[in-house]
Structure formats: structure tokens, C-alpha cells
1. Is it true that some residue in the stretch A:40-48 is away from chain B (no Cβ under 14 Å) and either within 22 Å of A:Gly3 (Cα to Cα) or surrounded by 14 or more Cβ atoms within 10 Å (Cβ to Cβ) (or both)?
2. Restricting the stretch B:93-114 to residues that are among the polar types (S, T, N, Q) and part of a loop (DSSP other than H, G, I, E, B), which is surrounded by the most Cβ atoms within 10 Å (Cβ to Cβ)?
3. Taking B:Asn31 as meeting all but one of (1) within 14 Å of chain A (Cβ to nearest Cβ); (2) surrounded by 15 or more Cβ atoms within 10 Å (Cβ to Cβ); (3) over 17 Å from A:Gly42 (Cβ atoms), write down the number of the exception.
4. Would you pick out the residues in the stretch A:81-112 that are of a type in the set (A, V, I, L, M, F, W, C) and at pLDDT below 90?
5. Which of (1) more than 15 Å from the chain's Cα centre (by Cα); (2) in contact (Cβ under 8 Å) with a residue 60 or more places away in the chain does A:Phe103 not meet, given it meets every other one?
6. Among the listed residues B:Gly85, B:Gly107, which satisfies the condition of being small (Gly, Ala, Ser), within 29 Å of A:Met95 (Cβ to Cβ) and under 12 Å from the mean Cα position of the chain (by Cα)?
7. Are any residues in the stretch A:1-25 in contact (Cβ under 8 Å) with a residue 24 or more places away in the chain, within 24 Å of A:Thr100 (Cβ to Cβ) and more than 12 Å from every other protein chain (Cβ to nearest Cβ), and if so, which ones?
8. For the stretch A:1-28, which positions are under 14 Å from the mean Cα position of the chain (by Cα) and of a type in the set (A, V, I, L, M, F, W, C)?
Amino acid sequence: DGGITQSPKYLFRKEGQNVTLSCEQNLNHDAMYWYRQDPGQGLRLIYYSQIVNDFQKGDIAEGYSVSREKKESFPLTVTSAQKNPTAFYLCASSMSSPETQYFGPGTRLLVL
Amino acid sequence: AQTVTQSQPEMSVQEAETVTLSCTYDTSENNYYLFWYKQPPSRQMILVIRQEAYKQQNATENRFSVNFQKAAKSFSLKISDSQLGDTAMYFCAFLIQGAQKLVFGQGTRLTINP
């Protein structure tokens, strides 16, 4: 089946630890995105990538890093510099910009 | 700055009723796209409907339709014959031509009661 997968579903981070969230798509989409959702709020853009080996910062990139080595994959690393990482993280992809973005099931990140 | 406002934090209707969710937005751009996404308890964001700003005809998708008023910068979602499975958070969003970022509203929590 075509779609976007994210793993893990739940992730726990200890103080000072870097953690990586996985996002994979088999839709042959060129563009991929990472959003953060806090309780009672809409989504905010962290990073996006339009093509392999290229990515740009969104509105809230501080404390996060990404890579885009393959078209299908766009992992997000939450670094120790991100002081308030507890949130729901959603990955999305689109054929190109400004095509419709389709979302994965999300990863809930909690701090221990 | 581009903003999206959803003025109804929560709504509740009976099954089979029709409900309209409000959305207004602010932008100085002329070419953009508008979306309604649904987020059920599973929390996955699901596309409900999309509207291109250059199209005058309102988009329709089965029981879902929009009322797009470009001059008023209004983009409401009408759900006809509501079903229990329509219970979810609904987010209005827009995307400017040439930009990458979806700008989201705060959401409306819709509950369909049996």
C-alpha cells in the first residue's frame, strides 16, 4: 500500500539525549515536511525538503536537525538543544510545491 | 503575516444534522490554496477538501462542501448528513503559491452525538 509511515509511535527522551524520528514514504513524492503540534494548537513547520540533499528551515527549526539522503526518507533529530520537545510530530509529503500535503500517523515525544 | 482564524473552538450536533465550521484568513497574496483537514482521535491528519483561490466554483467532496468567499477571506466547511465518524478536530489551512508552509488555524473540535 502507498503511504507515509512514521516510527516509533511513542518516543521517550531523557535529558541531554538526542533522539531521531523516522519518516518514510512510498508515494514517489518529491517534497517532505516536518510539523510540530502542541496541545490545542495547529501545526507549525519545523523543516522541509523539496529534493534530495536539500532542506530548509521552517518557523521553529531551533533544536532540530534533518537529513534527506534518499527521496523516500526524511528523518528528524530532536537534539538536546530543544528545551521543550514534548509534542506530537507529524511528517508530510507532497508531489511538489504547492501540491496537497499528505500526513503520516505521527510520533508522540515525551520527556522523562 | 499570514494568519488563519477559526472562531469556534468547539461544536456539537446530532447525527444526520448539517453543521458549518467557520474559517477566515488574512493574506496579501492573490494565488493560494485552501484546505480543510480532519484529525480524529487517532491524531492522523486527513485531507477533507481543497480549494484553489483562482477557482470561483466551491469545492465539493461527497457530504463535504465549502463556501469560499475570496473578497471576505472566508472559507467555511459544511458537513451534510453528519455521521458519528465525523467526530474530530477540524483544521483550516492555506498554502501560498510558491511557498512551502501550510498555515494552520487553531482548530474546531466537532462532536457528532448519536
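The values are calculated or read from the model by the stated rules, or taken from the named source; none is laboratory data. For clarity, every value in this text was computed on a predicted model and none was experimentally measured. Here the Cβ is made from the backbone with ideal geometry for all residues, glycine too, and neighbour counts use every protein chain on show.
1. No, there is no match, as no residue in the stretch A:40-48 is away from chain B (no Cβ under 14 Å) and either within 22 Å of A:Gly3 (Cα to Cα) or surrounded by 14 or more Cβ atoms within 10 Å (Cβ to Cβ) (or both).
2. B:Gln100
3. (2)
4. Matches in the stretch A:81-112: A:Ala81, A:Met95, A:Val111, A:Leu112.
5. (1)
6. Going through B:Gly85, B:Gly107 in turn, the sole match is B:Gly107.
7. Those that are in contact (Cβ under 8 Å) with a residue 24 or more places away in the chain, within 24 Å of A:Thr100 (Cβ to Cβ) and more than 12 Å from every other protein chain (Cβ to nearest Cβ): A:Gly2, A:Ser7, A:Leu21, A:Ser22, A:Cys23, A:Glu24, A:Gln25.
8. A:Ile4, A:Leu11, A:Val19, A:Leu21, A:Cys23
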